[in-house]
Amino acid sequence: MEKVQKCNMSGQYRGKVIVAPMVRVCTLPFRLLTIDYGTDLVYTEETIDYKMLRSIKRQNDVLGTVDFIDKSDGTVFFRTCERERSKVIFQIGTNDAQRALKVGKMVEPFVAGLDVNMGCPKEFSLKGGMGAALLTQPDKIKSILTTLVQGLTIPVTCKIRILDSISETLELCKLIEECGVAAIGVHGRTRQERPRHPNHNDVIKEIANVLTIPVIAK
């Protein structure tokens, strides 16, 4: 029953105009601007779980926002407001199910969904066992996603990159769907490929043909 209930959240992502997460771009002013121009959903920048867990939350009465502040240096790294509540998707970097769930509980009252970054190929993410490092760890993927799906009331999604073969990629995507996520974002490049390489849109199409949940092409 739990999986059925979660899958009903897929409608939030089906046929929508979605702004992808972009580092140093997807801050609150930019997200609100995209909403003004008609976007249905907009992602935050990726936030690492440890950073969120060491933060303090404050109500900013001057701006009418909720601010999450890094206790180590006093910087506001996530700011949100009621106007984006039904449209903002919070993206996290994590490699641990329980830390991910704690972060999810922190942001649950303020966002429309939680996304796990399982596609970032940067060295920082890989060394931390996050991002694309998770693509070859199906047990950890299952642990993180099922824990979030079962523990949160908001939709849970994840972003991946494709693997070296279509069969491996489809197997991974089916496993992710079985975790009960509401949608899956697919960057149509492998972990080794960069923007100068062509996007494998044919692979994304094949994934969309196989899965029943929405596939967000990236």
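Please check: in the Gaussian network model of the chain (C-alpha springs, under 10 Å), which one of 149, 17, 203 has the largest mean-square fluctuation.
Highest fluctuation of the listed residues: 17.
Could you calculate the FRET efficiency of residue 36 with residue 105 from 1/(1 + (r/R0)^6), where r is the beta carbon distance between them and R0 is 25 Å, rounded to 0.05?
After rounding, the FRET efficiency stands at 0.25.
Once you've got the Cα coordinates, tell me which of 105/159; 71/218; 51/87 are over 27 Å apart.
Beyond 27 Å between Cα atoms: 71/218.
To the nearest 20 debye, what charge dipole does the stretch 34-140 have about its Cα centre, counting +1 at the Cβ of each Lys and Arg and -1 at the Cβ of each Asp and Glu?
The dipole of the stretch 34-140 has a size of about 320 debye.
With a 10 Å cut-off between alpha carbons and a GNM built on the chain, which of 70, 61, 115 moves the most?
The residue that fluctuates most here is 61.
Who wins for biggest fluctuation among 130, 118, 22 in a Gaussian network model of the chain, springs between alpha carbons below 10 Å?
22
Quick check: pseudo-label points 7 Å beyond the Cα along Cα→Cβ at residue 24 and residue 193, how many nm apart are they?
2.6
P(r) tail for the stretch 67-171, what percent of Cα pairs lie past 24 Å?
I get 29 percent for the Cα pairs in the stretch 67-171 exceeding 24 Å.
Based on the inverse mean of 1/r over its pairs of different Cα atoms, what is the Kirkwood hydrodynamic radius of the stretch 2-217, in Å?
Result for the stretch 2-217, one decimal place: 17.4 Å.
Taking the Cα centre of the chain as origin and charging only Cβ (+1 Lys, Arg; -1 Asp, Glu), how large is the dipole, in debye to the nearest 20?
In debye, rounded to 20, the chain gives about 260.
May I ask which residue of 118, 187, 90 lies farthest towards the positive end of the charge dipole of the chain, with charges of +1 (Lys, Arg) and -1 (Asp, Glu) on Cβ and the Cα centre as origin?
It is 90, whose Cα lies furthest towards the positive end.
Laboratory data are not the source of any read-out in this text; all were calculated from the coordinates shown. Keep in mind that what you see is a predicted model, and the values were worked out from it rather than measured. In this analysis, Cβ positions are derived from the backbone assuming ideal geometry, glycine residues included, and neighbour counts consider all displayed protein chains.
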